[in-house]
Structure formats: structure tokens, C-alpha cells
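K.L.:
Take this structure first; my questions come after.
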Amino acid sequence: MKRLRRKFSKQIEQELGGLVKHLKFIDEIGANFGLTRLYGRAAPGARVVEATPSYSGVHYTIVAALGWNGVKASWVLEGAMDAAAYEVYVEKVLAPTVRAGDIVLMDNLSAHKSETVRRLIEARGAASSSCRLTRPTSIRSSCAGRKSRPPCVRPRLARWTLCWRH
């Protein structure tokens with residue numbers, strides 16, 4: 001497995017050259033630290049009867065930039081991410097880590113599409129882009145119309161295409 005990983009890493013480096021080292025993917029995740037137990041213990045044959053609090057605690061948003069050399073520019077925000085919070089993140093946390101020639105890729109969250117965000121990233125000499133992954137055809141639909149069975153027995157994985165929006 002290690003040999004396959006090294007081979008894949010070399011192949012990507014050869015095919016994409018220095019481009020991979022300039023890619024930075026921005027993503028968020030929500031977290032809740034209410035720590036309410038989902039399961040309980042009881043004596044054999046007995047049932048656990050317990051209530052959980054209706055307030056599950058503070059919700060957090062964690063945002064970070066993932067690049068060739070690991071996770072950079074991580075930030076924890078109490079509450080949900082909105083356009084104003086994302087602009088603060090880009091200005092104070094992300095922008096200092098972005099270098100000229102970098103390509104910052106973001107998903108289609110509406111907070112990412114701010115003109116201010118684009119200007120802050122491009123002021124550092126980097127390019128910004130909102131993108132989404134789409135799957136144009138499924139394996140079933142590509143095999144449905146065929147009469148010959150062998151090509152559909154081992155179908156190739158459908159290719160993922162990246163739709164760029166500048």
C-alpha cells in the first residue's frame with residue numbers, strides 16, 4: 001500500500017507539476033460540544049430511562065485551508081458562518097498565509113461569493129474561485145441503453161468534473 005501511495009504521489013507531481021503546490025482548498029465544518037450521551041448502561045434486563053437537556057450547548061464553525069503541505073489558517077467561530085464572519089476570516093487569518101500564484105478554491109457557500117473576499121485574496125497575488133463537483137452521468141445510466149452485457153459487467157467509475165466559477 002505504501003508503494004502504491006508513493007507511485008500515486010509521483011504520478012500526480014509529474015502530471016500536474018507545480019500547480020498542486022499552489023492549490024488551497026477552504027472548507028468548514030460545524031461542531032457541537034454539548035456532550036449529551038447517546039447511549040446508557042443498565043443492569044441486565046433493565047432499561048435506561050433518562051432525559052437529555054433540550055439545550056445542547058454552543059455550536060461552533062471550524063474553517064481551515066487545506067494545501068499540499070497540510071492544514072493552514074484554521075479558525076474556530078462561535079455560531080454559524082456568514083458573509084461578514086468569512087470576510088474577517090479571509091482578511092485576518094487566510095490572507096497572511098496566501099502567497100502570489102496560489103489558487104484558493106472555495107465551495108458554493110453564499111458567504112464565499114462576496115466581492116470583498118475576492119478582492120482580499122487577489123490583493124495577495126492569488127486567484128480565487130468558487131467551484132462545485134458535479135457528476136455528469138451515473139454508471140447505471142451509461143449502461144442502461146446498451147444491449148451487450150460485457151462492457152457493463154465491470155463499469156469504469158464515472159469521472160468527476162470540476163466546474164469553475166470565477
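The values are calculated or read from the model by the stated rules, or taken from the named source; none is laboratory data. Keep in mind that what you see is a predicted model, and the values were worked out from it rather than measured. Quick reminder, even Gly has a Cβ in these numbers, built from the backbone with ideal geometry, and neighbours come from all protein chains shown.
K.L.:
Somewhere in segment 47-56, is a residue among the small types (Gly, Ala, Ser), free of Cβ contacts under 8 Å to residues at least 40 places away in the same chain and closer than 20 Å to residue 113 by Cα? Steps first, please.
P.N.:
Taking segment 47-56 as the starting set, the residues that turn out to be among the small types (Gly, Ala, Ser) are 51, 54, 56.
Still in the running and free of Cβ contacts under 8 Å to residues at least 40 places away in the same chain: 51, 54, 56.
Subset that is closer than 20 Å to residue 113 by Cα: none.
No: zero hits.
Rundown of residues vs (1) more than 25 Å from residue 18 (Cβ to Cβ); (2) at pLDDT 90 or above, yes/no style:
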site: 67; (1), (2): no, no
site: 77; (1), (2): yes, yes
site: 81; (1), (2): yes, no
site: 87; (1), (2): yes, yes
site: 92; (1), (2): yes, yes
site: 108; (1), (2): yes, no
site: 116; (1), (2): yes, yes
site: 119; (1), (2): yes, yes
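K.L.:
In this structure, is residue 116 of a type in the set (Val, Ile, Thr) and over 30 Å from residue 13 (Cβ atoms)?
P.N.:
So residue 116 passes the test.
K.L.:
Return only the number of the condition from (1) surrounded by 12 or more Cβ atoms within 10 Å (Cβ to Cβ); (2) at pLDDT 90 or above; (3) more than 25 Å from residue 30 (Cβ to Cβ) that residue 123 does not satisfy.
P.N.:
Result: residue 123 fails condition (1) only.
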